[in-house]
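This report refers to the structure that appears directly beneath it.
Only the coordinates and a few stated rules stand behind these numbers; no lab work does. Since we're looking at a predicted model, the values are computed, not measured. Using ideal geometry, Cβ is built from the backbone for each residue, glycine included, and neighbour counts are taken over all protein chains shown.
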Amino acid sequence: MAWSGNVGSFSGDFGTQKRWPDGTRVQNNYQNPPNSSGVGDSAACNDGGEIQLKNITPNAANAVIIGLVISKQQPKTIPSKSDPNNDRGLISFTIRDSPMDFINGTCWGSENYIFDLASKFKIGDIVEIRNPQIQNKQNTEQEERYRPWTPSPYQLSLSEKYSSLSLYGGWNLDRFNTLQHVPIRGNDNYYTLADVLSNGQGLHGEHINLLALLKTIGPPKDIVTKAGKKMQRCEVKLYDETCPSFPIVLWDTENIELVQRWMTHETVVFAFDIMVKFDNFRSSMVGTVDSKTIFIINPDTQKAHSLFKFGQSHDPSDDTTGDADKQNVDLSTIKDVYKVDQIKSLTGESHDGVEYGITYAFLTALDIDNGTRNGISMRCASCKRRVQVDSANFGCINPNCPSSLSGKTDTVMTFDIPVDLSDITGTLSGCYLGGNQAEEMLKCSMDEFIQYTDQQKTDLKWKYLLERCKVYFKVSQPGAKRVVRVLSCSKADPMEVIPHL
């Protein structure tokens, strides 16, 4: 786990500050970190020196501001008004020097200077800014739509000629590093994922806060828009006690690089100002990271610690059957071929993250006619967790599920088939084949399958049992146990198999 200690590990208090910037009452015992330079709580220094953000004024000259970068956008170019032959560059960022104080800044300069500067610092770095121009915040519609919200009435403007931004070289880093885990708004100011799904299109286009665990990180993909602009796209999935999977799409390189450093099932994400919208293709809500979004990772709060423990104890077999994953994975992009022993190495203790691959293996177990485990599970329609089959009313046992709280549980019946894959190198037991993938393979729907006799199910099983199949698979680790899910399974073409024997 990336953070430890008691909730509210800061000593002291806020002094006169009893509420977060959004008006929520302060519950934890945080404080403004002391200023090691000696400027401390004094008024803004007009003759230069380090100044805390809470003390800055437009009159400050030669000011030095030190802070943690909590947001950063990609560098951009715009036409120069004074010299049409040369474009100007700009980069926007947000820095923080106390739990209560953070501010937006923009650095301007030549295109080469800005792109070089952008490569020298990232989100999570501590930077030192010298001689910025301190301006009143514009509070325009553009400011509201495209920049992170900050409590400061000011903004910083840096120029290539008169200002500088560099990595902080001082020794006193703890006072800034702890800020990475302090929420920028009240601890309870967020939606659960079930709240987002239940509100549906009522939240379309809104910016909201989310607190959830990181489930998967998709690979960054280079795309070209219809306008010919080259961009990167990355999709991550979050989950909590109320929802097994919720997609978040990222388009900005800075945030894409940030999420690649996170650890699945061990990173608790407090996402502020995520835009949510209804995706017609998925018929569900999705989140989008934009220029207003700020991430606080592994926040030091009771709820975040509780979420982390939930992730560590979560039963991977209670995950969804993988239909959503298949929708988001283009099977034609999966090229790597594995033998069974190589797949086992992916599920070893040394492996992290998610892997996709192909194997040409024999199906040596396909439990669809077993009296105790016949390849069918009942799941809650709301949270997709299994319900107890012997329960009188199929009640959801997830205490945080909206269905459980209301006492009314709608259930869905789905394929959930354990399979074994074998080749000359060994056998991989306990893989999962479910949902639409099972229907495609068996060529029958769930409604048709439940009408089959035991003999019909056995006959269906022997159409595939001990046959060599081409299997697309996904390896992940929702909890302490790693899981192999089948994304597609069909009888293999012998000519396609020969090169891989």
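Convex hull over the Cα atoms of segment 49-181, averaged projected area in nm²? That works out to 8.3 nm². Modelled spin-label separation between ASP125 and SER490, with each label point placed 7 Å from Cα along the Cα-to-Cβ direction: 4.9 nm. Ordering 134-147, 239-252 by mean Cβ neighbour count within 10 Å, with the highest value first, yields 239-252, 134-147. Subtracting the Cα-Cα distance of ASN172 and ASP447 from 0.36 nm times their residue separation leaves 92.5 nm of extension gain.
As a size descriptor, the averaged projected area of the C-alpha convex hull of segment 140-234 was calculated at 11.6 nm².
Under a model in which nothing but the beta-carbon of Lys, Arg (+1) and Asp, Glu (-1) is charged, segment 49-181 shows a dipole of about 80 debye around its Cα centre. With all pairs of separate Cα atoms included, segment 191-233 yields a Kirkwood hydrodynamic radius of 13.4 Å. The residues neighbouring SER92, those whose beta-carbon lies less than 9 Å from its own, together hold a net charge of +3 under the Lys/Arg +1, Asp/Glu -1 convention. What is the calculated FRET efficiency for VAL497 to PHE278, with r their C-beta to C-beta distance and R₀ = 56 Å, to the nearest 0.05? Given R0 = 56 Å and the Cβ-Cβ separation, E is 0.80.
Compare the Cα positions of THR225, ASN199, ILE296 along the charge dipole of segment 193-313 (+1 at Cβ of Lys, Arg; -1 at Cβ of Asp, Glu; about the Cα centre) and return the one farthest towards the positive end. The listed residue farthest towards the positive side: THR225.
Once the C-beta distance of GLN138 and SER332 is scaled by a Förster radius of 30 Å, the resulting FRET efficiency is 0.05 to the nearest 0.05. Roughly speaking, what % of Cα-Cα pairs in segment 193-313 are separated by over 20 Å, rounded to a whole number? Cα-Cα pairs in segment 193-313 separated by more than 20 Å: 42 percent. Per the Debye formula on identical point scatterers at the alpha carbon atoms of segment 418-488, with no solvent, log10 I(q)/I(0) at q = 0.16, 0.17, 0.28 Å⁻¹ is -0.66, -0.73, -1.39. Projecting label points 7 angstrom from Cα along Cα→Cβ for GLN342 and SER198 puts them 4.7 nm apart. For segment 413-501, applying the loop criterion from DSSP together with a ceiling of 13 other beta carbons within 10 Å to the chymotrypsin sites (Phe, Trp or Tyr not before Pro) yields TRP462.
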